[in-house]
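One structure below.
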Amino acid sequence: MPTPAHPPVIAAISGGHMDAAVVKTAALLARDRKAPLLLLHVIEVSHRHPMDTSSDEMLRTADAVLAGAERLAPANGVDVRTEIKQARSASSAIVETSLDGGASAIVVGAHRFLGEHECDLGCTATHVLRHAVAPVLVCYDPIR
């Protein structure tokens, strides 16, 4: 797939407490790169269900998460768009989206950084860091 003229900065939004930091960081990066901002929310579908399984409740929740993230994005002239994906794992969907859209960067949140000598970013951030070809920024909330 051809790379867009201005590849987006992807902000991976989970609906958690790290979303504000992720959105603000990604918006500043997008402004600096003169790139669009893509707010991405992934609905994870259990292996017990077919991939196309979705409910009105799941979609309403995803819409609410993205609407909240859009409100967090500073009005700094950045073109903001949103996308909902369904996947078995959020991390794989984030990497796949970055490859499909030729992302210029990915911003993810991690809330499990344990301090000076221990580092556990969680499975989503770790997978994205290992498999993405675009630069990845991790916003973390230290547990003390």
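Structure above, values below:
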item	result
FRET efficiency for ARG60 and LEU137, using Cβ-Cβ distance with R0 set to 41 Å, rounded to 0.05	0.90
Order by protection proxy (mean Cβ within 10 Å, highest first), peptides 7-14, 99-106, 66-73, 31-38	7-14, 99-106, 31-38, 66-73
Distance in nm between pseudo-label sites at LEU28 and LYS85 (7 Å out along the Cβ direction from Cα)	2.6
Assigned charges on the beta-carbon of Lys, Arg, Asp, Glu; region 9-140 dipole about Cα centre (debye)	240
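Read-outs throughout are calculated quantities, based only on the coordinates presented, and are distinct from any laboratory measurement. Just so you know, these numbers come straight off a predicted model, no measurement behind them. Every residue, glycine as well, gets a Cβ built from its backbone with ideal geometry; the counts of neighbours run over all protein chains shown.
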